[in-house]
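Input: a single structure, listed below in structure tokens.
The values are calculated or read from the model by the stated rules, or taken from the named source; none is laboratory data. What you see is a predicted model, and the numbers here were worked out from it, not measured in a lab. Quick reminder, even Gly has a Cβ in these numbers, built from the backbone with ideal geometry, and neighbours come from all protein chains shown. Just the protein is used for accessible areas: all its heavy atoms, side chains included, with ligands, DNA and RNA removed. Shrake-Rupley method; radii C 1.70, N 1.55, O 1.52, S 1.80 Å.
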Amino acid sequence: MSKISRIVVQAYTYQLRDVGPTIWTYSLGAETSVSKFMVSIESDDGLTGSYAPHYGATEHAMAQVCDMAPLLIGRDPSQRERIFELLKIQFRHFDKVGIAALDTALWDLAGKKYGASISQLLGGYRERLPAYASTTPGQQTPGGLDSIEKYADFAEECQERGLPAYKIHGFFDGSVSNEIGIMTAVRDRVGSSMKLMTDPASSLGSFMDAVEVGRACDDLGFFWYEDPYRDASSSAAAHQRLREFIRTPMLIAEHIRGFEQKADFVLARGTDIMHVDPELDGGITGTMKLAHFCDAIGMEVQLHTAGPMHRHCMSAIPNTLFYELGLVNPDTSQNCLQPPIYADGYGDGLDDVGADGCVAVPTGPGLGVQYDWDKINAWETARRTFE
């Protein structure tokens, strides 16, 4: 039996260029500093498993990782389920987002130990993942998605690239007319052959606004309707009531944390499709628990955002349809949520999608990606070591 001998948490900062303003929590001009972190778990038999979160690489998550890490020293790294349960109980007063990075690093270590990809360890279901373009939000300054027409242009570009589906993140200004205007323009441009989704990201101001946009989804034949109004998609009762007014399936629960809490949300009929974020919902172990639960009750799941870990999980989940290529816009082929730390060409941008509209599952041991350690070490701003 091997034991965990050391855990290293590295914070690093890099410059993100030419992506555009008002992207989630970023306010980007020509250049903006972005801070993320990397976790490496070493065992006493000389192996190391590492994971660098993308969307979930927040200071909040890193602080939890640093609080959790000492509990893993001396434990068997193969006992991922035991470690998952330990951290869930020990941090039961918190949202437990720190579990994900540690859990994924443990899976990477296991893959390297056995010379298998995480997809193989999970019992892979497929090797090619159908992707959809998930847009950056609209912007008020010139460039990117600065008009309704630009959304339609970009949808057409994605369709020509072979992507089978396209999700709208609008202007987040609470305007029902803008939401419906974008949806209508996009549907008119791409016709009926492309699946369309919309995510107001909880920006609609009232329940009736959500009903109005939802009925537009019905009329335009949208594939799903996501996180519509200002309750932040936290009330199962509200969304059960919303579905009484509309026909379009809803994708909810992105902001609900915890395996049991998400299961309760589903059983309370708060969503038609379960939204799972592998970087916030317990890593690979937590994601697969939720996926299997939903499969047992005839429900599909969608994984929030993109990354190597997401690809391995999706490869082993039959009850899911699309890989979220987010966030992208017409001014850049890069994905603004992906840190530029890969030495092997890994990418989640538009140019990384094949002619079949799919992305590949990495095939090397563990996560199957090569990190550019020279970059990470050069960009390092802080380091915590636990042993």
What are the residues in segment 286-304 that are open to solvent by 10 Å² or more (accessible area, probe 1.4 Å) and over 14 Å from Leu251 (Cα atoms), if any?
Met288, Lys289, His292, Phe293, Asp295, Ala296, Ile297, Gly298
Please state which of the following conditions Leu325 fails to meet, knowing it meets all the rest: (1) within 24 Å of Tyr125 (Cα to Cα); (2) part of a helix (DSSP H, G or I); (3) open to solvent by less than 30 Å² (accessible area, probe 1.4 Å).
(2)
Evaluate segment 72-93: report whether one residue or more is open to solvent by less than 10 Å² (accessible area, probe 1.4 Å), touching a helix residue (DSSP H, G or I) at 6+ places or on another chain (Cβ under 8 Å) and among the small types (Gly, Ala, Ser).
no
Note down all Cβ pairs under 7 Å where the first residue falls in segment 87-114 and is among the polar types (S, T, N, Q), the second is in a helix (DSSP H, G or I) and open to solvent by 30 Å² or more (accessible area, probe 1.4 Å), and they're at least six residues apart or on different chains.
Gln90/Leu71
When residues of segment 328-347 are limited to those that are in a strand (DSSP E or B) and not hydroxyl-bearing (Ser, Thr, Tyr), the one farthest from His275 (Cα to Cα):
Asn329
For residues in segment 330-349 being in contact with a Leu (Cβ under 7 Å, 6 or more places away or on another chain) and open to solvent by less than 20 Å² (accessible area, probe 1.4 Å), which is modelled with the highest pLDDT?
Asp348
Taking segment 15-47 and keeping residues in a strand (DSSP E or B) and at pLDDT 95 or above leaves Ser35, Lys36, Phe37, Met38, Val39, Ser40, Ile41, Glu42, Ser43
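Given segment 188-290, what helices (runs of 4 or more DSSP H) lie entirely inside it while holding 2 or more residues that are within 28 Å of Ser119 (Cα to Cα), free of Cβ contacts under 8 Å to residues at least 12 places away in the same chain and out of contact with any strand residue (DSSP E or B) (no Cβ under 7 Å at 6 or more places or on another chain)? Full working, then the answer.
Values: elements: 207-220, 236-242, 259-267.
The qualifying helices (runs of 4 or more DSSP H) are 259-267.
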Counting only residues that are without any contact (Cβ under 8 Å) to a residue 24 or more places away in the chain and not in a loop (DSSP other than H, G, I, E, B), which one in segment 115-149 is most open to solvent (accessible area, probe 1.4 Å)?
Gln120
